Amino acid sequence: MYKFSKKLLILFIFLLFISSYKAQKYRVDQTKVDSVLQFCQSTGANAVLLYHDEKDLLKWKDPNCDQKMNTASMVKSWTGLVVGALVDRGLINIDDPVCNYLPEWKSGCDSSVTVENLLTMTSGLLKKPAPQSILAQKDMNKFVLNLDLDTTPGTQWSYSNEGVQLLGLIIERVSGLNAQEAFKKYLFKPLEMDSSYLYQDEAGNFIVFGGTSTTVEDALKIGILMLNEGMYKGSQILSENWVKKSVSPGSISKHYGYLWWLDKSNNNFAAMGDFGQMTVVFPDEKLVFVRQQSCSNNNQSTNMNWMSPEFLLLLKQCVIVK
């Protein structure tokens, strides 16, 4: 009887120690959290979410803004995750030439552009001015399939909406679904993102490089998925390997992974779009930040002029790792 009681006591002390250790591992700096909200309000944000260790540290919404979140280019990172889901299932090989999936893209076939080139913005498609870009096209899929390369694949990093739309076509080709259905099957439904849907161009093509309609709550789920290395509510939605590859720097650009922005100085990665639509993940701090700007003045000349390393550091400092 004595031995049994002693074992129970030891077990109790051990569990108490573990519980205490977990509780003391992080410290929230409420002053920094308040500063984040004040800064976001002053820079035109309409909704903000700050999530840490399975709970919200900050959740604010402008009561005068009832518009949903337009992701802008933030959805590029989501496209990379859908590609990853198909890679995990053996339907895509990132080392394959894009020609294996889109033989009608002649320039890509002639230059042996790979799927990984598209994921890392090194396909040879350079960023185009607005009048010549995909944004000015009624039929975006037809436009990208007729594009010529601007430079040799794998030699230069350049931000390309067109390259991501080509990934959307690959997603459709290998899944047998339109992009909206594929996103729903491999991402939205597993993450319970019931308020998210892709926009379409005038020809009815689904757009995967920008402009998805969502909410900060749905966007947060993407951040949680990445924070937990592909797991959501106990289910492995994406392989841990794909998540790690997605946020690892490429050989040409150290600030970009597989359609995710990387900040190695503060150890975070982000999905980002015009006017400060963003999901930023800090793995060490178990912190996810989501910002929406839908109703404030979206003046292109002042687009995210407030964004800085100091802002990312402020977010990081909201949680202190002991």
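Derivation of every value follows stated rules applied to the coordinates shown; laboratory data play no part. Please read these numbers as outputs of a predicted model, since none were measured by experiment. Note: ideal-geometry Cβ built from the backbone for every residue, glycine included; neighbour counts use all protein chains shown.
Overall, the chain carries a charge dipole of about 1400 debye about its Cα centre when +1 sits on the Cβ of Lys and Arg and -1 on the Cβ of Asp and Glu, all other atoms neutral. Ignoring the sites themselves, the chain has its longest run without GluC sites (Glu not before Pro) in a DSSP loop having at most 16 other Cβ atoms within 10 Å at 230-322.
Extension gain, Asn93 to Lys59, is 8.3 nm, computed as 0.36 nm per intervening residue step minus the present C-alpha separation. Segment Lys25..Thr151, full-extension length gain: 40.4 nm, with 0.36 nm per residue of separation and the alpha-carbon distance subtracted. Would you work out if the range 142-223 is rounded, prolate or oblate? Take a ≥ b ≥ c from the square roots of the eigenvalues of the alpha-carbon gyration tensor; rounded if a/c is under 1.5, else prolate when a/b is larger than b/c, oblate otherwise. Prolate. For the chain, the longest principal axis of the C-alpha atoms and the axis of helix 161-175 are separated by about 80°.
Apply the Debye scattering formula to the chain, with a single equal point scatterer on each alpha-carbon and no solvent, then give log10 I(q)/I(0) at q = 0.12 Å⁻¹. Each listed q maps to, in turn, -0.82. Using C-alpha pairs under 8 Å with a sequence gap of at least 6, the mean separation divided by the residue count of the chain gives a relative contact order of 26 percent. What percentage of all Cα-Cα pairs in the range 82-140 are separated by more than 16 Å? Beyond 16 Å sits 54 percent of the P(r) for the range 82-140.
Beta bridges per DSSP, both residues in the chain: antiparallel share near 100 percent.
With both labels modelled 7 Å from their Cα along Cα-to-Cβ, the Ser296 to Lys185 distance reads 3.9 nm. A straight line joining the Cα centroids of the range 264-317 and the range 115-141 runs 24 Å. Each Lys or Arg adds one and each Asp or Glu takes one away; over the other residues whose Cβ falls under 10 Å from the Cβ of Lys286, this sums to -3.
Among the trypsin sites (Lys or Arg not before Pro) in the range 61-101, those located in a DSSP loop and surrounded by at most 12 other Cβ atoms within 10 Å of their own Cβ are Arg89. Here Lys68 is the anchor, and the aspartates and glutamates within straight C-alpha reach of less than 16 Å, apart from those fewer than 8 places off in the same chain, are Asp194, Glu217, Asp218, Asp274. Compared with the alpha-carbon gap, the fully stretched path from Asn305 to Lys106 is longer by 67.7 nm at 0.36 nm per residue. Bridging of Lys264 to lysines at a Cα separation below 22 Å is possible for Lys32, Lys76, Lys244, Lys245, Lys254, Lys286, Lys316, Lys322, once same-chain residues fewer than 8 apart are set aside. Placing pseudo-labels 7 Å out from each Cα toward the beta carbon at Gln132 and His255 gives an inter-label distance of 2.3 nm.
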